[in-house]
Amino acid sequence: MPWFEKNASPNGKWGLHWTMSTKDPNIMVDGYPDRRQIASFYYPLIGAYYSGDPEVIEYHLLLMKYSGVDAAAIDWYGTHDLNDYKINFENSDQFIKRTKEAGLEFGIVYEPYINSIVENVTGQNKSLAAIDDVNFLKSNYFNQSNYLKINNENEFLVFGNNFTGPEWNEIFKSSGASPRTYFLQNLSNGLASINPSPGEYFWVNSSDMGGQKNWDSSFKGLKISGAYPGFKDFYVQGGWTNNHLNWVIDVSTATLRDRLDFLKTINSNVVQIQTFNDFGEGTMMEPTVEFGFSFLNELQKFTGAPYSTKELELIYKYYVLRTKYKSSVSDAQTKEIYTYLLAWKVGEAEKLINKYYK
């Protein structure tokens with residue numbers, strides 16, 4: 001999720017995904033001098049951050065890399081300058097520009113309902129708004145060598161849907177793009193006219209494992225399976241009562257392990273981990289004060305990554321060097337450490353980090 005802002009970000013204010021309607025990160029939590037008030041039950045290990053910070057981007061990329069992740073799927077709000085969509089776009093673009101050097105692919109998870117908001121606010125037809133977005137994707141992302149491909153086809157995930165099959169075909173035809181489109185589970189019905197034929201991907205919901213098993217056995221098309229550490233949204237506490245989903249899945253390593261174990265039984269070729277950092281819904285894999293690195297440890301076991309907590313802690317120390325100790329460590333020194341970590345040269349990186357880390 002690229003949507004996090006802090007008071008040191010270009011907008012100079014805390015973004016709504018840290019505040020919702022009831023929280024103020026300028027206030028420190030009683031009894032926790034280093035913990036800000038945020039709209040989440042869980043607190044990121046590095047504190048509330050700005051998604052566009054280079055230090056944050058490097059930290060996230062390295063955590064993914066050392067957990068065996070192949071690609072980062074970006075929750076993408078398009079190109080239009082409404083609400084916080086512009087800064088989401090800019091943050092996404094900055095992250096995407098760094099994926100190749102990290103040896104990761106990237107993909108897009110498109111939020112199509114944004115086009116209805118564009119239509120209501122600007123009067124631009126929602127299909128034309130979507131054409132603008134897909135034109136951008138075709139010219140800037142789909143043509144990149146590390147854009148997410150399966151069987152040599154660009155993959156394009158859609159979160160929800162407010163277009164018909166013919167409308168999607170017109171959107172793709174107008175832009176000249178022809179990605180393989182994946183919709184949320186049970187939402188591809190009636191969209192068979194899309195060319196190439198769409199697939200589906202499973203997303204955490206109230207039906208939990210029962211629904212996932214039913215979907216996996218019943219949907220016969222191309223699909224992307226999913227796993228997650230749980231679900232516990234902050235919407236009521238954050239004052240977003242209209243968004244409250246009114247269900248909870250225990251957020252724990254046991255939940256994540258159970259989902260990953262299920263995926264082993266179905267021999268899924270493509271797995272989406274949900275999510276890296278949606279703190280508002282409690283589906284974050286990113287290290288937190290509450291869970292430490294345990295979720296990523298489970299992912300390392302699943303992917304077979306030959307790393308452990310030791311390397312993840314080293315990445316955290318690297319982030320601290322880049323932020324807390326930035327005045328005493330030169331850019332050249334931190335770049336050398338980052339280069340070592342990208343090249344899997346953990347020993348060399350560790351020596352330098354320990355040299356500067358207080």
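Odds and ends about this structure:
- Helices (runs of 4 or more DSSP H) within segment 61-151 that include 3 or more residues touching a Ser or Thr at 6+ places or on another chain (Cβ under 6 Å): 126-140
- Contacts under 9 angstrom Cβ, first residue in segment 15-42 being aromatic (Phe, Trp, Tyr), partner at pLDDT 95 or above and not in a loop (DSSP other than H, G, I, E, B), 6 or more apart: Trp18/Arg36; Tyr42/Thr288
- Looking across Ile57, Ile46, one residue alone is assigned to a loop (DSSP other than H, G, I, E, B), surrounded by fewer than 23 Cβ atoms within 10 Å (Cβ to Cβ) and on the phi < 0 side of the Ramachandran plot. It is Ile46.
- Pair list, Cβ under 9 Å, 6 or more apart: segment 344-358 residue over 10 Å from Leu314 (Cα atoms), other residue assigned to a loop (DSSP other than H, G, I, E, B) and small (Gly, Ala, Ser): Tyr356/Ser328; Lys358/Ser328
- For the residues Asp24, Asp34, the requirement of being under 27 Å from Lys326 (Cα atoms), at pLDDT 95 or above and part of a loop (DSSP other than H, G, I, E, B) singles out Asp24.
- Condition check for Ser67: under 13 Å from the mean Cα position of the chain (by Cα), buried (at least 22 other Cβ atoms within 10 Å of the Cβ) and at pLDDT 95 or above: no
- Residue list for segment 216-240, filter: of a type outside the set (Asp, Glu), crowded, with 19+ Cβ neighbours inside 10 Å and at negative phi: Leu222, Lys223, Ile224, Ser225, Gly226, Ala227, Tyr228, Pro229, Phe231, Phe234, Gly238
- Residue match in segment 122-133 (condition: within 17 Å of the chain's Cα centre (by Cα) and surrounded by fewer than 20 Cβ atoms within 10 Å (Cβ to Cβ)): no
- When residues of segment 304-315 are limited to those that are buried (at least 17 other Cβ atoms within 10 Å of the Cβ), in contact (Cβ under 8 Å) with a residue 60 or more places away in the chain and not charged (D, E, K, R), the one nearest to Glu348 (Cα to Cα): Ile315
- Filtered residue count, segment 210-220, keeping only those that are among the aromatic types (Phe, Trp, Tyr) and in contact (Cβ under 8 Å) with a residue 40 or more places away in the chain: 0
- Test: residue in segment 154-163 that is touching a helix residue (DSSP H, G or I) at 6+ places or on another chain (Cβ under 6 Å) and among the acidic types (Asp, Glu): no
- Ala332 loosely packed, with under 14 Cβ neighbours inside 10 Å and farther than 23 Å from Leu45 by Cβ: yes
- Of the helices (runs of 4 or more DSSP H) lying entirely inside segment 293-358, those containing at least 2 residues that are β-branched (Val, Ile, Thr) are 309-323, 331-342, 346-356.
- Index of the failed condition, Asp81 passing every other in (1) under 23 Å from Leu137 (Cα atoms); (2) without any contact (Cβ under 8 Å) to a residue 12 or more places away in the chain; (3) in contact with a Lys or Arg (Cβ under 7 Å, 6 or more places away or on another chain): (3)
- Only one of the listed residues (Ser218, Ser207, Ser175, Ser225) is over 21 Å from the mean Cα position of the chain (by Cα) and closer than 24 Å to Glu298 by Cβ. That residue is Ser207.
- Residue within segment 221-241 that is part of a helix (DSSP H, G or I) and either without any contact (Cβ under 8 Å) to a residue 24 or more places away in the chain or among the charged types (D, E, K, R) (or both) present: yes
The values are calculated or read from the model by the stated rules, or taken from the named source; none is laboratory data. This one's a predicted model, so the numbers in the text were calculated from it and none came from an experiment. Every residue, glycine among them, receives a Cβ derived from its backbone with ideal geometry; neighbour counts consider all protein chains shown.
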